1. I need every pair where a residue in region 610-629 that is under 13 Å from Phe694 (Cβ atoms) has its Cβ under 6 Å from the Cβ of a residue that is basic (Lys, Arg) and surrounded by 20 or more Cβ atoms within 10 Å (Cβ to Cβ), sequence separation at least 6 or different chains.
2. Within region 226-234, is even one residue assigned to a helix (DSSP H, G or I), touching a helix residue (DSSP H, G or I) at 6+ places or on another chain (Cβ under 8 Å) and touching a residue at least 40 places away in the same chain (Cβ under 8 Å)?
3. Regarding region 447-456, can at least one residue be identified that is open to solvent by 10 Å² or more (accessible area, probe 1.4 Å), modelled with pLDDT of 85 or more and assigned to a loop (DSSP other than H, G, I, E, B)?
4. For region 629-677, enumerate the residues that are more than 43 Å from the chain's Cα centre (by Cα), assigned to a helix (DSSP H, G or I) and more than 13 Å from Asn588 (Cβ to Cβ).
5. If I filter region 550-568 down to residues being more than 15 Å from Asp245 (Cα to Cα) and surrounded by fewer than 24 Cβ atoms within 10 Å (Cβ to Cβ), which single residue comes out as modelled with the lowest pLDDT?
6. Of all residues being at pLDDT 80 or above and closer than 21 Å to Ile644 by Cα in region 173-196, which is most open to solvent (accessible area, probe 1.4 Å)? Just the residue, please.
7. Can you list residue pairs whose Cβ atoms sit under 7 Å apart, with the first residue in region 675-701 being open to solvent by less than 10 Å² (accessible area, probe 1.4 Å) and the second being of a type in the set (Val, Ile, Thr)? Count only pairs 6 or more apart in sequence or on different chains.
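The values are calculated or read from the model by the stated rules, or taken from the named source; none is laboratory data. Note that the coordinates shown come from a computational prediction; the quantities given were computed from them, not determined experimentally. We place every Cβ from the backbone using ideal geometry, glycine too, and count neighbours over all the protein chains shown. The area values use the complete protein model at the heavy-atom level, side chains included, leaving out ligands, DNA and RNA. Shrake-Rupley method; radii C 1.70, N 1.55, O 1.52, S 1.80 Å.
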Amino acid sequence: MLVAAALISRLLGERVDAAVILGIVVLNAALGFFQEHRAERALRDLRRYVTRTARVRRDGMLAELPAGDLVPGDVIELEVGDLVPADAELLAADALTTDEATLTGESVPVARAAGGVVRAGTAVVSGYGTAVVTATGGATVLGRTAALLARKPEETDFQRNIRRFSAMLVRIIVLLTLFVFAANAFLGKGWFDSFLFAVALAVGITPEVLPVIVTVSLARGALRMARDKVVVKRLMSVEDLGNVDTLCCDKTGTLTRGEFALHDFVAPDGARDPAVLLRGALAGAGESGPPRGAAANPTDRATWASAALQPLEPELAQYRVVDRNVFDFRRRRSSALVAGPGGRALIVKGAAESVLAACTQTATRDGIAPLTAEQARIGAAMVAGYEEQGFRVLAVADRPLDAAAADEADERDLTLRGFLLYYDPPKSDVRAALEALGRLGIAIKIVSGDSAVVTRRICREVGMEAGTVVEGEELARCDDAALRRLARERSVFARVAPEQKQRLVAALRSERHVVGFLGDGVNDAPALRAADVGLAVDAGTEVAKDAADVVLLQKSLAVLAGGIVEGRKTFANITKYILNTVSANFGNMATVAVSSVLLRFIPLLPSQILLNNFLSDLPLVTIATDRVDPGLLHRPRRWNVPAIARFMMLFGMLSVVFDLVLITVLRLAWHADAALFRTAWFVESAASEMLVTFAIRTRLPFLRSVPSAWLAASSAAAVALAFALPYTGLGQEHFRFVPLPPRVLLLVAGVLAAYFASAELAKRPFFRRVDL
């Protein structure tokens with residue numbers, strides 16, 4: 001429609017209008033190209049994970065080959081630092097652990113043994129292994145994720161409603177234009193003049209400034225968000241963000257910090273004991289204090305970063321590490337020989353079952369006692385309880401050892417001192433942020449790749465009621481109808497694969513929810529693309545950020561609530577323009593269509609119609625700066641095309657009533673000629689559209705809602721120009737206006753005042769009945 005309007009405007013000599021409209025078309029094409037380019041960049045980032053080399057054993061020879069040359073059945077060698085090149089089944093493994101955070105969201109390296117599987121895109125953290133390739137390229141879990149990301153994203157809520165709105169306008173435009181052309185032609189007003197008039201009418205009713213106002217409003221909203229560290233990569237996402245009613249969140253790195261923190265340090269009886277923390281810190285210490293470099297594993301970093309360790313620093317300074325035995329997955333523990341005030345001791349720290357197996361005594365409140373089988377069982381049950389709550393548990397034990405060095409054989413006859421509890425903690429502002437989102441009417445869904453136990457605990461800590469946690473295995477068995485029911489009724493999902501995250505988002509959207517998805521890993525990328533608004537954290541993976549529409553520069557989710565409010569302000573201001581322009585244009589053009597049949601002359605010249613449209617739309621560009629009633633920000637709102645149509649009909653016909661009053665007085669009472677009639681109607685039509693903006697821009701009485709200074713000033717200037725044009729050479733020579741006599745000016749002013757008052761009265765019952 002815009003292309004047609006631009007060509008017609010150019011044929012009519014309206015060069016400025018044609019240039020503006022064509023500029024909008026070019027801008028839209030450029031934005032579309034940018035989106036395709038962004039999708040390609042996301043795919044390129046994914047390819048970094050799948051185009052590596054691999055050590056392959058073929059024909060008894062070990063060779064370095066491109067990962068793309070692997071086929072199922074190849075035997076590959078894996079060691080520390082490797083990125084696994086394909087999905088494979090382990091034939092042998094020695095102390096092998098893999099970092100699977102990019103695929104599953106788990107922050108803890110996973111131990112792998114012979115018979116287990118390793119996935120393409122995961123990283124080998126420790127040990128080595130031999131594996132047989134079972135899937136390559138697009139058949140791997142990572143490859144399926146890339147394929148999901150490569151699919152063309154579905155229409156967002158904003159795009160879908162713009163399309164519906166445009167289709168409604170086109171139908172109205174075509175019907176009115178055909179009616180006007182046929183009626184005027186058959187009444188003998190000239191086929192060519194009737195055609196020009198009908199074409200001008202079509203251009204006049206088309207809100208060609210809508211793309212400009214939408215772009216300006218979205219850009220202004222995006223700039224305000226950027227000041228709050230929310231970067232919008234796709235302008236339409238500003239409005240979609242405001243309309244979000246369901247937010248799906250990943251857990252690791254989004255709700256949590258994505259790294260270990262020390263939660264507690266307890267004696268064998270469960271009581272907090274600083275001596276356990278002291279020994280745990282010494283077991284992971286470097287030669288001169290905190291561990292550094294390769295020795296700085298996640299749990300040791302968390303221990304030394306704990307605020308609880310600060311009071312123990314004077315005591316720690318009295319010890320030094322003499323020798324150490326490094327961790328390996330056979331023993332599943334490490335040890336350090338330390339020298340201190342009480343002599344030398346070997347401190348052992350590691351997996352609870354491994355350390356307990358080497359203990360013969362246990363610390364009690366009364367001293368040291370033999371570790372009986374019953375006490376060992378109670379200790380194991382305590383550890384299982386902590387792990388059930390989602391903690392990673394390390395046991396700490398020691399024994400006196402007066403030696404210059406220690407080896408693994410010395411890790412025996414130990415005294416159990418207690419346990420260190422670690423977890424990936426929630427971010428400090430998450431609870432407040434989720435509460436703020438709840439107050440904005442947004443339902444929260446947690447969709448995590450981590451275990452149900454850990455996910456439930458994190459939900460509890462951030463103040464969410466987890467209820468029944470649905471796991472990925474259950475989702476895999478669901479058909480689409482069952483999945484929609486679970487998506488609707490449940491709030492927490494765990495052990496969810498990338499495809500399942502995408503299916504959940506699609507299920508929620510099929511239930512007519514506007515869905516935002518917040519994540520930061522490769523496993524989140526398909527869901528980020530599938531959502532109406534994909535949101536990534538700046539600290540996340542490049543793939544996630546490229547797939548997202550919005551990036552949070554701060555690791556705090558608190559800024560998201562502010563971004564949603566800005567999106568709602570933008571939506572409200574765009575809605576103001578749409579309601580104003582469709583009702584005013586429909587009313588004006590309906591009046592023109594009717595009067596053109598009743599009058600012996602064309603009621604407005606084509607150039608006057610185009611000028612009217614341009615003059616009345618120009619000040620509305622500043623509507624992006626307008627204030628928004630607080631009541632419009634408390635919940636998400638949706639485009640309601642049938643409601644917009646009802647508003648257009650009601651307020652458009654209200655405009656027709658007052659237009660007909662003006663026409664009746666001018667023609668029947670005062671017998672105005674064509675030039676005077678057209679001038680008076682032009683002034684009244686242009687001014688009424690600008691003035692009525694101040695009635696319908698707010699649900700409140702207009703005196704209780706102050707418009708922005710830009711909107712008020714630009715509207716006043718446009719109204720003044722409309723009244724002044726008939727008295728200028730420009731208006732008289734180029735648009736055939738004539739000066740208006742005082743009584744006509746008074747008539748126009750009276751009609752405007754009555755129209756404004758009627759619109760103010762009509763809006764209250766309308767907005768009470770219709771949700772817009």
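1. Note: pairs meeting the criteria are Ile623/Lys576.
2. Within region 226-234, not a single residue is assigned to a helix (DSSP H, G or I), touching a helix residue (DSSP H, G or I) at 6+ places or on another chain (Cβ under 8 Å) and touching a residue at least 40 places away in the same chain (Cβ under 8 Å).
3. There is no residue in region 447-456 that is open to solvent by 10 Å² or more (accessible area, probe 1.4 Å), modelled with pLDDT of 85 or more and assigned to a loop (DSSP other than H, G, I, E, B).
4. Hits for region 629-677 are Val661, Thr664, Val665, Leu666, Arg667, Leu668, Ala669, Ala674, Ala675, Leu676, Phe677.
5. The qualifying residue modelled with the lowest pLDDT is Lys555.
6. Once the filter is applied, the top-ranked residue is Leu175.
7. Thr679/Val738; Ala680/Val744; Ala680/Val748; Val683/Val748; Glu684/Val748; Glu684/Val751; Ala687/Val719; Met690/Val719
Rundown of residues vs (1) closer than 21 Å to Gly587 by Cβ; (2) of a type outside the set (Asp, Glu); (3) assigned to a loop (DSSP other than H, G, I, E, B), yes/no style:
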{"position": "Pro726", "(1), (2), (3)": "no, yes, no"}
{"position": "Val738", "(1), (2), (3)": "no, yes, yes"}
{"position": "Leu745", "(1), (2), (3)": "no, yes, no"}
{"position": "Val748", "(1), (2), (3)": "yes, yes, no"}
{"position": "Val751", "(1), (2), (3)": "yes, yes, no"}
{"position": "Tyr755", "(1), (2), (3)": "yes, yes, no"}
{"position": "Ser758", "(1), (2), (3)": "yes, yes, no"}
{"position": "Arg764", "(1), (2), (3)": "yes, yes, no"}
{"position": "Arg768", "(1), (2), (3)": "no, yes, no"}
